[in-house]
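Notes follow the structure.
FYI, it's all coordinate maths here, none of it is from the lab. Predicted model only: the values in this text are computed from it and were never measured. Here Cβ is always computed from backbone atoms with ideal geometry, including for glycine, and neighbour counts include all displayed protein chains.
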Amino acid sequence: MMAGPTRSTRGPQGGAHPAPPAPHPSGARPPKIPAQFVPRHVAIVMDGNGRWANQRGLPRTEGHRAGEAALLDVVAGAIEIGVEYVSVYAFSTENWRRSPDEVRFLMGFSRDVLRSRRDQLNEWGVRVRWAGREPRLWKSVVNELKSAEELTRENRTCQLTMCVNYGGRAEIVDAMQAMAADVSAGRLKPKGITDRTLGKYLYAPELPDVDLFLRSSGEQRTSNFMLWQAAYAEMVFMDVLWPDVDRRTLWEAVEIYAQRDRRYGGAVDRPADEAASAGQSGAESPLA
């Protein structure tokens, strides 16, 4: 397959152009999809680590370790096909309910992954962002998240938002509390509040709406992830456990997305109208 769309980028720390990721070992290349059909923002629920480990008679922690390589390969694939934003559900506000041993592992593992992978992400020109609540997180995890943000803050190739101690409802509650404080202080007028206003109070307000919501493992639910941002997202559920995911899985999901008709609550009554709507982009169906 031919390479996907390319975009101008700003290199790490605003300097030289970033190094592209190494090709996939199989030699696979991203499908040829016009840039307007590539999702700008992909949100990913990385599900199936525990089941992957259980199927192999391994501890659940080994599934999480195997999932690290999957994440890096998916980010590489996002860069290659032209996705600008990738948001991943790394640790939810509900994950504290897991066993103390697994929570301790996940905290230490998150810290170590950030520490060991941030230079690679920086070389690729990836900007790392953190979305989530700080209370209860290990201080060492917070420090690594902030360090990765600072190291990569000028990068423009792709943004990887690590959602750690994140919950969609918690994010909306926190945003509303911050808005209420500004209203109380006279900095914000209630009658002037719109959906865009609330968006400015989210953890990562620069994020555009989610275009493609991708979940591995075959489960079909959002699990409280990106509830506000994914209001009009196209959902794709892949029947593959997260450690078995790689960039080719992402590309397959993007191909599925590219065939969807996004109407945002509108309706297309006749095939002729649908064809005319598609024709406004000036491109034929990307997979015809």
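So the values come out like this:
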{"item": "Per-residue [θ]222 nm for the chain (sum of -39500 (n - 2.57) over DSSP H runs n ≥ 4, rounded to 500)", "result": "-12500 deg cm²/dmol"}
{"item": "Calculated Rg and Dmax of segment 176-272 using C-alpha coordinates, Å", "result": "18.1, 53"}
{"item": "Compactness of the chain, expressed as Rg and Dmax over alpha-carbon positions, Å", "result": "19.7, 59"}
{"item": "DSSP-loop trypsin sites (Lys or Arg not before Pro) across segment 16-71, with at most 13 other Cβ within 10 angstrom", "result": "Lys32, Arg56"}
{"item": "Ordering of 129-140, 83-94 by burial proxy (mean other Cβ atoms within 10 Å per residue, highest first)", "result": "83-94, 129-140"}
{"item": "Three principal axis lengths of segment 110-159 [C-alpha, angstrom, descending]", "result": "32, 19, 12"}
{"item": "Neighbourhood charge, 11 Å Cβ-Cβ cut-off, centred on Ser217 and excluding it, Lys, Arg +1 and Asp, Glu -1", "result": "-1"}
